[in-house]
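Have a look at the structure below, then the notes.
Values in this text are rule-based calculations from the coordinates and carry no lab data. Source: prediction; values computed, not measured. Cβ: placed from backbone, ideal geometry, glycine included. Neighbour counts: every protein chain shown.
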């Protein structure tokens, strides 16, 4: 069972930690153009999840926050506000005493909305699975121009002093045809499972296929931008 923790109070507390770290020169979580410490705590858009990622017995926290730099925001005539600031991912590790400590910030890792395509919206979510792994889900939907709503869940495990991608779950659904596709990749067992179905037509049978994945080094969190692209991996052999 996955757990998502979203708390305004916790969000404000983490912002305070990050702001203090920035002032002391020990780390920086938020852009300097964010608009001040007060706006961090009160107006920021954030998603939070907690768990013991590094298995040291103390609760850790991951947060995705979206800055509100006015230069990258736009308001429509009807009052709807677009935010084209890039999301920032940060991980805080729990301590034996005191507040959680900022472990690392990740920029250019979580996709945000594109000012060149106002009809495309990104949705990002943080969860923790039963094994205590950090799961980052990125999704997108179109207000116009596309019927598909793809989502990808990236599963990162803390090992060997860093977060490594151990699995990926891709899902897409067409609002027009009802066609659905789910792909699960496991980089520890080197297996990929694909299931196709049609939500609107029960007469269309569900089909399941498996292939072997190549044995390649695990990808570190932050090494590249997470996307909602459909897997394009060929079978081994």
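What distance in nm separates the simple spin-label points at residue 204 and residue 74, each placed 7 Å from Cα in the Cβ direction?
3.4 nm
For 82, 176, 187, which order do you get if you count the other beta carbons within 10 Å of each Cβ and list the fewest first?
176, 82, 187
What residues of the stretch 211-227 lie in the reach of a label at residue 115, counting those whose backbone N is under 17 Å from a point 7 Å from the Cα along Cα→Cβ?
The answer is none, because no backbone nitrogen lies closer than 17 Å to the label point.
Would you please give the FRET efficiency between residue 188 and residue 130, computed as 1/(1 + (r/R0)^6) with r the Cβ-Cβ distance and R0 = 25 Å, to the nearest 0.05?
E(calc), rounded to 0.05, equals 0.95.
Once the Cβ-Cβ distance between residue 122 and residue 99 is put in as r, and R0 is 35 Å, what FRET efficiency do you end up with, to the nearest 0.05?
That pair, residue 122 with residue 99, gives E of 0.70.
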